[in-house]
Amino acid sequence: MPRAVYVLALGIFAMVTSEFVVAGLMPQMADGLDATIPEIGYLITAFAAAMALGGPFLTVAVLKLRQKSALMLLFGVFLAGNVLAALAPDYRTMLVARVLTGIASQAFFGVSISLASRITRPEVRGRAVAVALNGLMLGTLLGLPFATVVGEHLGWRTAFWAITVLTVLAAGATLVGVPSADGESEENGSLRQELGAFRNPRLWLVLTTSTFVIGATFSAFSYLNPILTELTGFSSGTVPLLLIAYGAATVIGNTVVGRLADRRTIPVLVVGLALNLTFLVGFALFAELSVPAVVFMLGIGLVGVTMNPALVTRVQRVGNARSLVNTVHSSFITLGIIIATSVGGPAIDTFGLRAPLWIGAGLAVLGLVSLVPDLRRRLLLNSAPSPAVEKAAAEVPQGV
């Protein structure tokens with residue numbers, strides 16, 4: 001695996017730590033910014049909305065730059081937003097900071113995943129994406145608990161300053177570890193070429209599946225802290241340890257899915273969604289019991305966001321591996337976060353802390369429904385081996 005893929009994972013780790021830090025410090029930030037828990041939850045929504053809506057436009061703006069130059073520019077924008085968050089005197093300033101960092105993160109993910117895909121052989125692209133996305137999983141395993149502990153003991157602003165230092169280190173590693181020009185990778189095409197992939201109607205359905213998969217997971221993840229403390233009864237000091245365990249589950253799941261994503265894309269997604277649905281329902285039913293709650297929480301970590309390598313592989317096969325397709329895919333992923341958090345906050349006010357878990361279960365069901373056309377296509381190819389079907393099967397990438 002090229003060294004640059006691991007460096008890209010470090011950059012993603014820094015940005016994901018910043019993205020998730022709000023989920024681990026909701027009570028402290030609510031007190032510090034004179035806001036409510038649902039209002040702090042909307043900061044997650046704002047970050048996701050900025051990613052979904054602003055990320056593709058920033059990606060278009062850096063299309064003509066070399067990928068290393070684009071990454072360094074995006075680091076600069078992200079760093080500015082994170083410093084603003086650390087200094088935010090009020091909720092509105094924090095909201096602006098989250099929007100700025102969200103836009104930069106989305107574009108960074110798109111360029112990074114594109115680069116990771118292009119510098120590796122097609123048959124192992126899913127594994128390369130999984131390695132790069134380990135930055136996301138490690139952000140959950142190490143970054144989020146670290147930021148949570150720092151925030152609880154030294155203040156939530158210190159957590160954002162720590163992320164600022166991490167971002168500078170990641171930028172330095174990228175400057176040294178990512179080549180200025182990768183000889184095996186193709187340059188991004190013109191904007192017209194980039195947009196051409198979106199004329200395929202099937203791509204839009206594939207993108208929608210990603211929205212449901214990630215939305216189902218973040219319905220639970222975004223509110224783990226209040227659920228575990230107020231419903232299950234764990235102390236605030238125990239939550240970081242539980243988040244570490246959750247993060248470990250995501251690393252394991254991501255590694256397994258990365259190994260299977262290239263050849264078993266659709267089966268992985270079907271099994272993963274079915275299991276996630278089971279864990280979400282179980283968590284909702286037994287949230288007040290500590291042992292079942294932890295088991296179901298870990299299950300969500302194992303089969304939730306870890307579907308990303310399979311989702312990316314599926315999108316790249318239907319569309320392409322260029323930056324804009326990957327960024328728009330990330331936008332659909334973050335649309336799931338928007339749905340989860342924007343609906344979850346009001347649902348908590350009306351129905352209580354179990355509500356986001358039931359919302360997640362509903363999104364998982366929709367995700368399974370969105371896979372039905374691909375499942376029917378696979379059944380057709382397997383059950384009717386006529387010359388026409390065999391020709392069609394030859395044109396369908398393995399695992400799709």
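The values are calculated or read from the model by the stated rules, or taken from the named source; none is laboratory data. Everything quoted here is computed from the prediction, not taken from an experiment. Reconstructed Cβ throughout: ideal geometry from the backbone, glycine too, with neighbour counts over all protein chains shown. Just the protein is used for accessible areas: all its heavy atoms, side chains included, with ligands, DNA and RNA removed. Shrake-Rupley method; radii C 1.70, N 1.55, O 1.52, S 1.80 Å.
What does the extension gain come out to for Thr238 and Trp204, with contour length at 0.36 nm per residue minus their alpha carbon separation? Walk me through the numbers on the way to the answer.
Values: separation 34, 0.36 × 34 = 12.24 nm, distance 4.13 nm.
So the extension gain works out to 8.1 nm.
For the stretch 157-171, what does the Karplus curve 6.51 cos²θ - 1.76 cosθ + 1.60, with θ = phi - 60°, yield as ³J(HN,Hα) per residue in whole Hz, taken in order and with x for Gly and Pro?
Those phi angles translate into 5, 4, 4, 5, 5, 4, 5, 4, 4, 4, 5, 4, 5, 5, 5 Hz.
How many angstrom lie between the Cα centre of the stretch 55-91 and the Cα centre of the stretch 212-253?
If you average the Cα positions of each part, the centres end up 28 Å apart.
Using the basic label-point model (7 angstrom from Cα toward the beta carbon), what is the Asp90 to Met72 distance in nanometres?
Each label point lies 7 Å from its Cα, and together they span 3.8 nm.
Taking the Cα centre of the chain as origin, work out the dipole magnitude from +1 charges on Lys and Arg Cβ and -1 charges on Asp and Glu Cβ, in debye rounded to 20.
On the way: 25 positive and 19 negative charges, 273 e Å.
So the magnitude is around 1320 debye.
Taking H as built 1.01 Å from N, whose amide H comes closer than 5 Å to the amide H of Gly352, not counting residues under 5 places away?
Residues meeting the amide H criterion: none.
Can you figure out the FRET efficiency of Leu289 with Leu65, using R₀ = 51 Å and their beta-carbon distance, to the nearest 0.05?
Working: r = 53 Å, r/R0 = 1.03.
Efficiency, from the Cβ-Cβ distance: 0.45.
Computed over the Cα atoms, what is the radius of gyration of the stretch 19-170 divided by 2.2 N^0.38 Å, N being its residue count? Write out the running numbers ahead of the final one.
Numbers: Rg = 15.9 Å, N = 152, 2.2 N^0.38 = 14.8 Å.
For the stretch 19-170, the normalised Cα radius of gyration is 1.07.
Solvent-accessible area per residue for the stretch 210-359 at a 1.4 Å probe radius, Å²? Walk me through the numbers on the way to the answer.
Details: 4680 Å² over 150 residues.
Ligands and nucleic acids excluded, the result is 31 Å² per residue.
What FRET efficiency do you get for Ala80 and Arg377 if R0 is 51 Å and r is their Cβ-Cβ distance, rounded to the nearest 0.05? Don't skip to the answer; put the middle values down first.
Details: r = 46 Å, r/R0 = 0.90.
Computed FRET efficiency for Ala80 and Arg377: 0.65.
Work out the charge dipole of the stretch 1-93 with +1 on the Cβ of Lys and Arg and -1 on the Cβ of Asp and Glu about the Cα centre, then indicate which of Leu74, Ala88, Ala35 is farthest towards its positive end.
Comparing the listed Cα positions along the dipole, Leu74 ranks first.
Roughly speaking, what is the stretch gain from Ile266 to Tyr6, that is 0.36 nm per residue apart minus the C-alpha to C-alpha distance, in nm to one decimal? Each step should come with its number before you reach the end.
Numbers: separation 260, 0.36 × 260 = 93.60 nm, distance 2.64 nm.
In short, 91.0 nm is gained.
In whole Å, what three semi-axes, largest first, describe the equivalent ellipsoid of the chain built from its Cα gyration tensor (square root of 5 times each eigenvalue)? Mind dumping the intermediate values first?
Numbers: eigenvalues 207, 141, 60 Å².
Those come to 32, 27, 17 Å.
Leaving out ligands and nucleic acids, and using a 1.4 Å probe, what accessible area per residue does the stretch 98-179 come to in Å²? List each step's numbers first, then the result.
On the way: 2670 Å² over 82 residues.
Here the per-residue accessible area is 33 Å².
Extending each Cα 7 Å along its Cβ direction at Leu175 and Leu195, get the distance between those two points in nm, one decimal.
3.6
Using the Cβ atoms and a cut-off under 11 Å, what net charge is assigned to the surroundings of Arg202, where Lys and Arg are +1 and Asp and Glu are -1? Don't jump to the answer; show the numbers that get you there.
On the way: positive: Arg199, Arg314, Arg317, Arg377; negative: Asp374.
Combined, the nearby Lys, Arg, Asp and Glu give +3.
Quick one: with all protein chains in place, what share of the accessible area of the chain is carbon or sulfur, to the nearest percent (1.4 Å probe)? Working shown, then result.
Numbers: 10320 of 15290 Å².
Using a 1.4 Å probe with all protein chains present, the chain comes out at 67 percent carbon and sulfur.
Which one of Leu63, Pro346, Leu53 has its Cα pushed farthest toward the positive end of the charge dipole of the chain, where Lys and Arg give +1 and Asp and Glu give -1 at the Cβ?
The Cα lying farthest towards the positive end belongs to Leu63.
Take the chain, connect every pair of alpha-carbon atoms lying under 10 Å apart with a spring to form a Gaussian network, then pick out the residue of Leu285, Leu138, Leu311 with the largest mean-square fluctuation.
Leu285
Using 0.36 nm per residue of separation minus the Cα-Cα distance, give me the extension gain between Thr255 and Val168 in nm, one decimal. Please report the intermediate quantities before stating the final value.
On the way: separation 87, 0.36 × 87 = 31.32 nm, distance 2.71 nm.
Between Thr255 and Val168, full extension yields an extra 28.6 nm.
Report the net charge of residues surrounding Val111, where surrounding means a beta-carbon distance below 11 angstrom and charges are Lys +1, Arg +1, Asp -1, Glu -1. All intermediate terms of the calculation are to be shown ahead of the outcome.
Details: positive: Arg66, Lys68, Arg118, Arg322; negative: none.
Within the 11 Å Cβ shell, the charges total +4.
Binned at 5 Å from 0, what are the whole-percent values of the Cα-Cα distance distribution for the stretch 49-110, short to long?
Whole-percent P(r) values from 0 Å outward: 4, 22, 28, 21, 14, 7, 3, 1.
Hey, can you rank 215-222, 271-278, 331-338 by average C-beta count inside 10 Å, highest first? It would help to have the intermediate numbers written out before the result.
Working: 215-222: 28.8, 271-278: 20.1, 331-338: 24.9.
Taking the mean over residues of other Cβ atoms within 10 Å, the ranking is 215-222, 331-338, 271-278.
Mind pulling the per residue volume of the convex hull built on the Cα atoms of the stretch 181-326? Å³ is fine. Walk me through the intermediate numbers first.
Details: hull volume 19.4 nm³, N = 146.
For the stretch 181-326, the hull spanned by Cα atoms encloses 133 Å³ per residue.
Per-residue ellipticity at 222 nm for the chain, helices alone: DSSP H runs ≥ 4 residues times -39500 (n - 2.57), over residue total, nearest 500 deg cm²/dmol? The partial results should precede the final answer.
On the way: 18 runs with 311 residues, N = 400.
Taking each H run of at least 4 residues, the total per residue is -26000 deg cm²/dmol.
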